[in-house]
Amino acid sequence: MEYDWERTFPFLKIDKSIVTILFEGILDAESIVNIIPINEGCRTTNYIIETSNQQKKYILKIFFSTEQDYKKEIKLLKKLREDGIIPVPRIYKVSNDRVIENREYAIYEYMEGKTIGQAINEGYELKEEFVRDVAKHLSKIHSYKFSRIGFLDQDLNLKGELPPLALWYENFMGSNAQKRLGKDIIHKINKMVKENEKVLFELDQDVRLVHGDFQGTNILIKDNKLSGILDWEFTMAGHPLADIGQFFRYGEYFNKNLIQVFEDEYKKNSDYKLMDDWYRISKLRDLTNLVQLINANHDMPNKYANIKVLVVNILKQF
């Protein structure tokens with residue numbers, strides 16, 4: 001999982017006085033009993049806020065960049081809660097404040113459970129029941145249809161137009177990616193994309209709502225059930241296999257039986273047709289995300305080393 005990855009944005013340290021200001025209208029100072037930093041995630045600063053009411057906790061999320069699509073995320077979370085089919089957190093407040101350098105922040109409902117990454121680090125082995133629940137909820141996310149691939153604005157409408165998927169690999173393959181991956185890997189990626197152009201074209205034809213970052217730090221588990229799906233910042237109108245590829249990114253945690261369980265449950269609940277070779281092609285689709293990540297300008301040796309291993313593992317399947 002992404003536990004050793006360096007942060008994209010720095011972690012902002014806060015104290016009780018700052019939390020009291022940010023929670024004005026929700027909590028008073030006497031109600032705040034503990035402020036716990038969340039080390040997972042690379043882009044936002046997140047805290048668990050515990051209160052004197054043991055049944056009530058909150059998540060405080062502080063955004064660092066105006067490019068972060070939190071308004072889109074908040075609009076979508078409200079819709080998904082209204083529809084009542086996806087376990088997502090309630091939003092209590094969205095604002096900004098000078099005590100956090102005028103950064104914008106949001107206060108969310110705390111959802112019980114551990115992330116997949118946390119659970120695995122503590123020795124948990126993925127069970128059929130949990131994988132089945134993930135497949136069922138992914139099928140519900142992918143039930144929302146769009147006319148074309150594209151990003152969503154803050155009102156969840158399509159904006160702009162993206163090129164065909166087969167072109168993404170080359171578009172993301174900047175000088176940083178080329179340097180970090182090396183000529184041999186780049187050549188193999190280009191060859192693999194060329195050989196699979198037809199199936200990549202097919203993925204563009206059925207466009208659905210996708211989470212966009214459906215991996216171990218954003219999926220909560222409790223009692224072998226999916227208890228919550230977090231961080232919808234990268235949601236878009238896209239390819240369902242993108243979410244599936246991210247879920248199976250670390251293939252060492254999934255045996256053949258778990259993969260089959262996922263397939264059976266997804267097919268039972270979704271009108272999106274999984275191709276026969278869906279697992280392998282989902283890895284190919286996830287490759288675009290990995291290439292884009294390794295092309296970043298930041299100096300993150302741990303992250304890039306891990307991504308390179310993931311890329312090599314995908315190439316081995318082709």
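The values are calculated or read from the model by the stated rules, or taken from the named source; none is laboratory data. In this text the structure is predicted, and so the values were computed from the model without any measurement. Because the Cβ atoms are built from the backbone with ideal geometry, glycine has one as well, and the counts that use them run over all protein chains shown. SASA here: full protein model, heavy atoms, side chains in, ligands and nucleic acids out. Shrake-Rupley method; radii C 1.70, N 1.55, O 1.52, S 1.80 Å.
The set of residues from region 242-286 being closer than 21 Å to residue 185 by Cα and not hydroxyl-bearing (Ser, Thr, Tyr) comprises 245, 246, 249, 251, 280, 281, 283, 284, 285, 286.
Table: residues versus (1) more than 17 Å from residue 289 (Cβ to Cβ); (2) open to solvent by 80 Å² or more (accessible area, probe 1.4 Å); (3) in contact with a Cys (Cβ under 8 Å, 6 or more places away or on another chain); (4) among the basic types (Lys, Arg).
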site: 156; (1), (2), (3), (4): yes, no, no, no
site: 161; (1), (2), (3), (4): yes, yes, no, no
site: 166; (1), (2), (3), (4): no, no, no, no
site: 170; (1), (2), (3), (4): no, yes, no, no
site: 175; (1), (2), (3), (4): yes, yes, no, no
site: 179; (1), (2), (3), (4): yes, yes, no, yes
site: 182; (1), (2), (3), (4): yes, no, no, no
site: 196; (1), (2), (3), (4): no, no, no, no
site: 199; (1), (2), (3), (4): yes, no, no, no
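Scanning region 85-118 for residues that are open to solvent by 70 Å² or more (accessible area, probe 1.4 Å), free of Cβ contacts under 8 Å to residues at least 60 places away in the same chain and not polar (S, T, N, Q) yields 90, 98, 101.
Going by the structure shown, is residue 268 open to solvent by 20 Å² or more (accessible area, probe 1.4 Å) and farther than 20 Å from residue 114 by Cα?
Values: open to solvent by 20 Å² or more (accessible area, probe 1.4 Å): yes; farther than 20 Å from residue 114 by Cα: yes.
Yes; evaluated as a whole, the condition is true for this residue.
Checked against (1) closer than 30 Å to residue 222 by Cβ; (2) surrounded by fewer than 14 Cβ atoms within 10 Å (Cβ to Cβ); (3) basic (Lys, Arg), residue 191 passes all but condition (1). When the residues of region 201-218 are filtered to those that are outside any loop (DSSP other than H, G, I, E, B), within 22 Å of residue 237 (Cβ to Cβ) and not polar (S, T, N, Q), the one that is most open to solvent (accessible area, probe 1.4 Å) is 201. Is it fair to say residue 82 is closer than 21 Å to residue 153 by Cα, open to solvent by 30 Å² or more (accessible area, probe 1.4 Å) and either part of a loop (DSSP other than H, G, I, E, B) or without any contact (Cβ under 8 Å) to a residue 40 or more places away in the chain (or both)? Yes; evaluated as a whole, the condition is true for this residue. Test residue 278 against the criterion of being among the aromatic types (Phe, Trp, Tyr), open to solvent by less than 50 Å² (accessible area, probe 1.4 Å) and closer than 28 Å to residue 60 by Cα, and give yes or no. No.
Of the listed requirements (1) closer than 19 Å to residue 280 by Cα; (2) free of Cβ contacts under 8 Å to residues at least 40 places away in the same chain, residue 182 misses just one: (1).
Of all residues being farther than 28 Å from residue 277 by Cα and touching a residue at least 12 places away in the same chain (Cβ under 8 Å) in region 220-246, which is least open to solvent (accessible area, probe 1.4 Å)? Just the residue, please. Top of the filtered list is 228.
Can you name every residue in region 71-98 that is under 18 Å from residue 23 (Cβ atoms) and of a type outside the set (A, V, I, L, M)? Within region 71-98, 89, 90, 92, 93, 95, 96, 97, 98 qualify. May I ask you to list pairs of residues, at least six apart or on different chains, whose Cβ atoms are under 7 Å apart, with the first in region 33-48 being touching a residue at least 40 places away in the same chain (Cβ under 8 Å) and the second being polar (S, T, N, Q)? Pairs found: 40/115; 40/217; 41/217; 42/8; 43/8; 43/68.
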